[in-house]
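What follows is one structure encoded as structure tokens, with my remarks underneath.
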Amino acid sequence: MSKGSLVKRALESLGRDNNPAYVVVAIATAKGIFRPLFTMMDKKESPETKKYTALREGLTEVIAIPTYITCSALAGKGAKLVKDPKMAEIAKHNLQFIGVCTAALVAIPGLCSMVIKPFTDKIFHKNKKEEPARLDVTSKTAEIDTTKTQITQTGRSDVKQLTPIHNVSISGFTNSGMRVG
């Protein structure tokens, strides 16, 4: 068997068994290896930030790989409903592609939001609840003389009293406060 016929058979096999999950799993594997590696090589970030980010990126891809495979396989099962074998094969590939897209858009972000935060909190011990500072209300404090802080009216005629602006029309708009909605 020559090398040319071996390559030809491999390419034909890949063409027949064209599962979109294979491509995204290969990409997710590369991302799972290289993104944490490049994050750890960043000299500008603090070591704690680098560890957290690298762990988060690695976990995302660990979750993504089986999710891509599972969603693709589950979606491809819908092709059994098609009677024509040639059309069923096309439908299978299209449904697998839709399964991969659904995994990327819905399943993986949902799983990551459920799993990664609690996992990283346990690793980095962020679930320790700090006691709030207690106030000592029994100790004596300095008393404030309120008679010195009172504001008195001066009775000066050169001071104009400001009037609040309510319901003033500015070029057709009424200024009556902030409106929400």
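Things to note:
- Look at the stretch 59-86: where a residue is outside any helix (DSSP H, G or I) and a partner is of a type in the set (Gly, Ala, Ser), sitting 6+ places away or on another chain with Cβ atoms under 6 Å, you get Val82/Ala88; Val82/Ala91.
- Some residue of the stretch 49-71 being closer than 16 Å to Ala21 by Cβ, of a type in the set (Lys, Arg) and open to solvent by 80 Å² or more (accessible area, probe 1.4 Å): no
- All positions within the stretch 87-122 that are in contact (Cβ under 8 Å) with a residue 60 or more places away in the chain, more than 12 Å from Thr60 (Cβ to Cβ) and open to solvent by 70 Å² or more (accessible area, probe 1.4 Å): Phe97
- Residue check, Leu105 more than 22 Å from Arg16 (Cα to Cα) and either modelled with pLDDT of 90 or more or among the aliphatic types (A, V, I, L, M) (or both): yes
- Hey, Ser46 over 30 Å from Val106 (Cβ atoms), open to solvent by less than 100 Å² (accessible area, probe 1.4 Å) and of a type outside the set (D, E, K, R) or not: yes
- Inspection of the stretch 13-32 identifies at least one residue that is in contact (Cβ under 8 Å) with a residue 12 or more places away in the chain, open to solvent by 70 Å² or more (accessible area, probe 1.4 Å) and of a type in the set (Lys, Arg).
The values are calculated or read from the model by the stated rules, or taken from the named source; none is laboratory data. Keep in mind it's a predicted model, so treat the numbers as computed, not measured. Ideal geometry is used to build each Cβ from the backbone, glycine not excepted, and the neighbour counts take in all protein chains shown. Accessible surface is based on the protein model in full, side chains and every heavy atom, while ligands, DNA and RNA are left aside. Shrake-Rupley method; radii C 1.70, N 1.55, O 1.52, S 1.80 Å.
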